Structures are given as structure tokens and as C-alpha cells.
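Engineer: After the C-alpha cells below, expect a handful of questions from me.
The values are calculated or read from the model by the stated rules, or taken from the named source; none is laboratory data. Keep in mind that this is a model prediction, so the values were computed, not measured. Ideal geometry is used to build each Cβ from the backbone, glycine not excepted, and the neighbour counts take in all protein chains shown. Side chains are part of the model used for accessible areas, which takes the heavy atoms of the whole protein and leaves out ligands, DNA and RNA. Shrake-Rupley method; radii C 1.70, N 1.55, O 1.52, S 1.80 Å.
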Amino acid sequence: QVQLVESGGGLVQAGGSLRLSCAASGRTFTIRTMGWFRQAPGKEREFVAAISWSGGGTDYTNSVKGRFTISRDNAKNTVYLQMNGLKPEDTAVYYCATAFRNSGRSPGLYDAWGQGTQVTVSS
């Protein structure tokens, strides 16, 4: 089992930056992929970015390409999401998740989830 805890959310002005962190504990040797998702009220959970734990390959949804960067520190069992050029439409609860066997953009592929951290971007 893997436990995930997100941190780093907050309120920022449009154009500002935030860096989210997700610390993993437990059976971290089972991690294949770490991903970030977000969910705004009344909307479905949306894929944001993912990173391969071993190779470091990344995937981003089009709306955040060029603005967000996902990275990981394997020694610290931590994944980060650096968010620059934030827009009001980025406002959501951000969740990190891990997949033990798969990689992809579907939430159903992920096996463990954090409780989320709120990101609010004001105009």
C-alpha cells in the first residue's frame, strides 16, 4: 500500500506561480507512474500531468503545456508540480495519484490517491 499527501496549494493572482508537492510513503517500491489530476466543482476529474518513476518521461494535458512542469525526487519519494503562469481556470482541487502497473491519463488506471490540495487563482 502507498499513502500520498499533497501540499503547497494556496491562493495566487493570475500569472503567479505555485509548486505542489506530493510525498509518498509505504510500499513506494511499487510505484510505476505518478500523476497529477485536478477537479473543479461540477466538473469531472481531469488529468494534468504524469511522470514515469523510473525513467522520468512526462506527459501533459494540452492546457498546461509550457506552463506546468512535473518532476520527481526518487530519493525523497516525492513528486512536484511547478505551476507558472496560472490562470483562473486552473482553480481546482489538485490530487496526486500513483499507478502500480499502468501509465496513462485515465483516473481508473491509478491505484492510490492523495486527499487533495486547493489551488485558487484570482483574476
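Engineer: For segment 90-123, give me the residue count where each residue is over 17 Å from V64 (Cβ atoms) and of a type in the set (S, T, Y).
Structural biologist: Of the residues in that region, 6 qualify.
Engineer: Identify all residues within segment 106-122 that are of a type in the set (S, T, Y), in a strand (DSSP E or B) and buried (at least 16 other Cβ atoms within 10 Å of the Cβ); write none if there are none.
Structural biologist: Our first condition is that a residue be of a type in the set (S, T, Y); within segment 106-122, this holds for 106, 110, 117, 120, 122.
Now narrow it down to the ones that are in a strand (DSSP E or B): 117, 120, 122.
Passing the criteria: only T117.
Engineer: Under the condition of being modelled with pLDDT of 95 or more and outside any strand (DSSP E or B), which residue from segment 43-55 is farthest from F100 (Cα to Cα)? Spell out the reasoning first.
Structural biologist: The initial filter retains those residues of segment 43-55 that are modelled with pLDDT of 95 or more, namely 43-52.
Restricting the remaining residues to those that are outside any strand (DSSP E or B) gives 43-45.
Values: K43: 26, E44: 23, R45: 20 Å.
Applying the filter and picking the extreme gives K43.
Engineer: If I ask for residues that are closer than 14 Å to R72 by Cα and either in contact with a Gly (Cβ under 8 Å, 6 or more places away or on another chain) or not basic (K, R) (or both), which ones from segment 30-54 would you list? Step through it out loud before you land on a result.
Structural biologist: Of all residues in segment 30-54, those closer than 14 Å to R72 by Cα come to 31-36, 49-54.
Result: I31, T33, M34, G35, W36, A49, A50, I51, S52, W53, S54.
Engineer: Something else: Output the number of residues of segment 76-108 satisfying the condition of being touching a strand residue (DSSP E or B) at 6+ places or on another chain (Cβ under 6 Å) and without any contact (Cβ under 8 Å) to a residue 24 or more places away in the chain.
Structural biologist: So the answer is 0.
Engineer: Looking only at residues in segment 13-51 that are free of Cβ contacts under 8 Å to residues at least 40 places away in the same chain and either of a type in the set (G, A, S) or in contact with a helix residue (DSSP H, G or I) (Cβ under 8 Å, 6 or more places away or on another chain) (or both), which one is most open to solvent (accessible area, probe 1.4 Å)?
Structural biologist: For segment 13-51, the residue satisfying everything is G42.
Engineer: Looking at T61 and the list (1) open to solvent by less than 70 Å² (accessible area, probe 1.4 Å); (2) touching a residue at least 12 places away in the same chain (Cβ under 8 Å); (3) within 20 Å of S7 (Cβ to Cβ), which single condition is not satisfied?
Structural biologist: (3)
Engineer: Among what's in segment 64-76 and is part of a helix (DSSP H, G or I) and among the hydrophobic types (A, V, I, L, M, F, W, C), pick the residue that is surrounded by the most Cβ atoms within 10 Å (Cβ to Cβ). Don't jump to the end; show me each part of the working.
Structural biologist: From segment 64-76, those part of a helix (DSSP H, G or I) are 64, 74-76; that's our starting set.
Pick out the ones that are also among the hydrophobic types (A, V, I, L, M, F, W, C) and you get 64, 75.
On the way: V64: 23, A75: 6.
Ranking the candidates gives V64 first.
Engineer: Quickly run through segment 6-42 and pick out the residues that are polar (S, T, N, Q) and part of a loop (DSSP other than H, G, I, E, B).
Structural biologist: Across segment 6-42, the qualifying residue is only S17.
Engineer: Take segment 77-104 and flag every residue that is modelled with pLDDT of 95 or more, among the charged types (D, E, K, R) and open to solvent by 50 Å² or more (accessible area, probe 1.4 Å).
Structural biologist: Within segment 77-104, K87, E89 meet the criteria.
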